[in-house]
Amino acid sequence: MAILRLERVSKWYETAGEPFYAVRDVSLTVEPGEFVAITGPSGSGKSTMMHLMGLLDVPSSGEVWIDGVQASHLSDRELARLRNQKVGFVFQSFHLLPRTAAWENVALPLMYAGVRAAEQRQRAMEALRRVGLDPEAKGYHHPNQLSGGQQQRVAIARAIVTRPALLLADEPTGNLDSRSTEEILALFQSLNDEGVTVVIVTHEPYVAQHARRVIRFADGRIVGEEINEHPLRAELAEVAR
Amino acid sequence: MNLLKTTQTALRSFAQNPLRTFLTLLGVIIGVGAVVALMSVGNATTASVTQRIEGLGTNLLVVTPGQVTQGGISQGLGSAQSLTMSDVTALQQLSDVSAVAPDQTTRAQVVYGDTNYQTTLEGSTPDLFDVRNLELSAGRPFNLVEEQNAANVAVIGTTAAENIFGNANPVGRTVWINGISFQIIGELASQGGTTVNDDRLIVPLSTLQRRFTGSSNPSTIYVSAVSADQMQQAQTDVELTLRRQHGLSFGESDDFVITNQATILSTLQGVTQALQSFLGGIAGISLLVGGIGIMNIMLVSVTERTREIGLRKALGATRGAILRQFLIESGLVGLIGGVIGILFGWVGATIYGRVTGTAVTLNVDAVWIAFVVAVVVGLVFGIYPAVRASRLSPIHALRYE
């Protein structure tokens with residue numbers, strides 16, 4: 001069963017009576033364990049795609065299934081629950097809560113999932129270890145005490161802490177230097193090796209080259225799709241495990 | 001989403017902006033503090049007024065002469081010489097009256113050594129001490145024998161004693177009043193309240209009438225009812241007796257006035273209570289203004305934290321969870337402000353008590369009411385900002401810069 005299925009999905013906005021299509025009639029299926037990159041110039045609709053896939057936005061028409069659940073007509077409450085359990089988000093600007101310890105940032109989705117406090121802490125620490133941060137050394141740091149790469153790793157830990165079916169990343173390396181970019185890409189690849197489905201939205205060809213499947217967007221439509229038989233491997237010893 | 005965690009989050013957001021948090025709290029603190037202080041002071045004032053009036057005597061009725069009209073000109077209350085000693089005798093026969101004390105006052109010059117002091121000279125019977133609840137701090141009151149013999153003895157008030165004798169014990173000393181020698185046999189305990197009651201000398205009524213005023217008509221008759229329940233009945237009986245005594249026929253108005261202590265008490269209590277609710281109302285308005293302050297700041301906070309709200313929604317926070325988070329925050333402002341306000345109100349009321357010498361006790365009802373109202377104000381004025389926060393769309397919120 002597909003992790004993600006979009007069936008003739010469109011998203012439009014009414015501007016001065018004229019509908020503006022951000023996404024037009026897109027169908028797409030992502031299978032478990034895939035590593036997909038969605039690329040395209042800015043304004044091509046790829047960010048809207050990511051919002052639709054992550055259930056942050058509802059389509060104007062068409063259907064979205066996530067892990068077998070049809071999500072297009074769910075209530076706000078049920079959508080929040082699905083987001084919490086099925087999707088992990090990674091954002092370009094990290095979106096970590098300031099003045100809040102790294103582990104507490106990671107534990108945030110668990111809080112909304114209703115996990116017990118003791119278990120929250122333990123799972124958050126586990127997730128931090130998985131993304132290559134020493135929970136004892138960095139777990140109590142506030143975001144402003146961490147480097148950009150470390151902050152994004154905390155954000156990834158937060159995305160995987162609920163063990164979601166799908167990891168959605170929106171320009172995850174957009175705010176990082178090349179060294180940190182390598183680290184983060186290596187981390188995504190190693191998570192994918194463990195079976196996590198990863199979808200990265202990016203406008204950087206270099207980042208897209210790390211995906212097995214690349215989908216090109218322009219003017220709200222899919223204009224091309226290719227399979228990358230030999231994706232680039234980002235390897236960094238310190239991140240590997 | 002547990003309560004503890006949300007409270008922790010709220011407290012953290014307070015700590016992020018201490019000045020703003022303080023200013024928000026200030027509105028609530030002032031409101032609650034004002035309510036608690038004013039209600040406590042109001043209670044204390046009512047209690048002290050009550051105590052003073054009760055201190056005038058026990059189940060007291062005060063009879064004074066009414067108005068006379070002389071050649072078409074009204075002479076004002078108390079101008080008539082309508083009360084007589086036979087009225088006193090008649091009143092003493094009433095079954096619901098326990099004691100009757102006729103009373104007459106004049107001004108007199110008291111001389112002791114080279115001290116020359118102008119004060120009030122009051123003449124009455126020994127019953128006065130019971131009827132008016134007069135306690136003696138030293139010596140004894142004059143007795144019936146001294147009253148009957150018009151003895152030259154006097155009981156002195158504390159203010160008069162201080163002015164004449166300084167700190168020396170006045171009992172046993174002899175003073176000259178308008179050239180007649182009097183022995184001081186007792187000193188009154190301080191009456192508190194107005195010092196007028198302490199600035200006087202009390203002598204037997206017969207002595208006063210014979211040596212000073214020459215009039216046998218008392219200017220006031222103090223009547224003590226048997227019990228509080230019987231005060232109304234006693235007042236009616238006193239009125240009927242005096243009308244009969246004065247030969248007033250049906251339809252003629254009274255030539256005397258009866259003042260009922262209970263009536264004065266309830267009137268004054270009514271006044272202080274009205275004043276208290278008025279002050280409480282003003283304090284309540286300031287609490288309302290504090291609530292609007294909370295709403296204002298919460299709206300700013302929601303705008304500032306738009307991205308945070310978007311993130312929380314992306315991570316699985318429902319509208320309800322966001323709503324709760326902001327409601328707990330505004331409720332906490334009310335709660336913390338309420339607690340601090342109660343402390344300030346208590347301190348304020350205590351200081352007022354110290355300065356004015358009133359025994360101020362914390363009004364427990366006011367504390368509860370103010371506290372609950374503060375929390376409710378916090379919650380109510382937090383609703384609109386919280387609803388706004390919960391309705392933010394996650395994508396717009398995440399993009400917000």
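Rule-based calculations on the coordinates, nothing more; no lab input. For clarity, every value in this text was computed on a predicted model and none was experimentally measured. With ideal geometry, Cβ positions are generated from the backbone for all residues, glycine too; neighbour counts draw on all protein chains shown.
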Counting only the backbone N, which residues of segment B:272-307 are under 12 Å from the spot 7 Å out from the Cα of residue B:384 toward its beta-carbon? B:291-300
Cut-off is 10 Å between beta-carbons; in what order do A:49, B:298, A:1 appear when sorted fewest neighbours first? A:1, B:298, A:49
Semi-axes of the equivalent ellipsoid for segment B:98-227, Cα gyration tensor, largest first, Å: 22, 17, 13
Which of B:231, A:53 comes first, and how do the rest follow, when ranked by fewest Cβ neighbours within 10 Å? B:231, A:53
Please work out whether segment B:282-401 counts as rounded, prolate or oblate from its C-alpha gyration tensor, where a ≥ b ≥ c are the square roots of the eigenvalues and a/c under 1.5 means rounded, while otherwise a/b larger than b/c means prolate and anything else oblate? prolate
With springs only between Cα atoms under 10 Å apart, run a GNM on chain B and tell me which of B:220, B:356, B:50 wobbles the most. B:356
Place a point 7 Å from the Cα of residue B:241 in the direction of its beta carbon; the residues of segment B:101-127 whose amide N falls under 11 Å from it are B:101
Label-to-label distance, nm, for residues given as residue A:29 and residue A:58 (7 Å Cα→Cβ offset): 2.7
Low-density loop GluC sites (Glu not before Pro), segment A:90-156, at most 10 other Cβ within 10 Å, DSSP non-H/G/I/E/B, are none
Additional length obtainable on full extension of the chain from residue B:232 to residue B:163, 0.36 nm per residue less Cα span: 20.8 nm
Taking alpha-carbon centroids only, segment B:283-303 lies from segment B:313-343 a number of Å equal to 13
What helix-only [θ] at 222 nm does the protein assembly as shown give? Using -39500 (n - 2.57) per DSSP H run of at least 4, over all residues, to the nearest 500, the answer is -15500 deg cm²/dmol
Between residue B:254 and residue B:180, what FRET efficiency follows from the Cβ-Cβ distance if R0 is 30 Å, with the result rounded to 0.05? 0.25
Roughly how tilted is helix B:319-356, in degrees to the nearest 10 and between 0 and 90, from the longest Cα axis of chain B? 20
Only bridges with both residues in segment B:98-227 count here: give the DSSP antiparallel percent, nearest 5. 75
Report the paramagnetic label zone for residue B:107: residues of segment B:207-227 whose backbone N is under 16 Å from a point 7 Å from Cα along the Cα-to-Cβ axis. B:213
Under a point spin-label approximation (7 Å from Cα along Cα-to-Cβ), what is the residue A:235-residue A:219 distance to one decimal in nm? 4.3
For a Förster distance of 41 Å, can you work out the FRET efficiency between the beta-carbons of residue A:70 and residue B:5, rounded to the nearest 0.05? 0.80
Taking only Cα atoms of the protein assembly as shown, the Rg to Rh ratio with Kirkwood Rh works out at 1.37
Under a crude label model (7 Å from the Cα following the beta-carbon direction), how far is residue A:226 from residue A:18 in nanometres? 3.4
Of A:46/A:86; A:11/A:86; A:46/B:5; A:11/B:5, which ones are farther than 31 Å apart at the Cα? A:46/B:5; A:11/B:5
Please report the spacing between the Cα centers of segment A:44-68 and segment A:168-236 in Å, no decimals. 19
Inside 10 Å of the C-beta atoms of A:74-86, what's the mean count of C-beta atoms belonging to other chains? 4
Exposure proxy ranking, count of Cβ atoms within 10 Å, fewest first, for B:313, A:138: A:138, B:313
What FRET efficiency, computed as 1/(1 + (r/R0)^6) with R0 = 56 Å and r the Cβ-Cβ distance, is obtained for residue B:136 and residue A:144, rounded to the nearest 0.05? 0.10
Cα lying deepest toward the dipole's positive end in segment B:98-227, options B:125, B:182, B:156, charges on Cβ: B:182
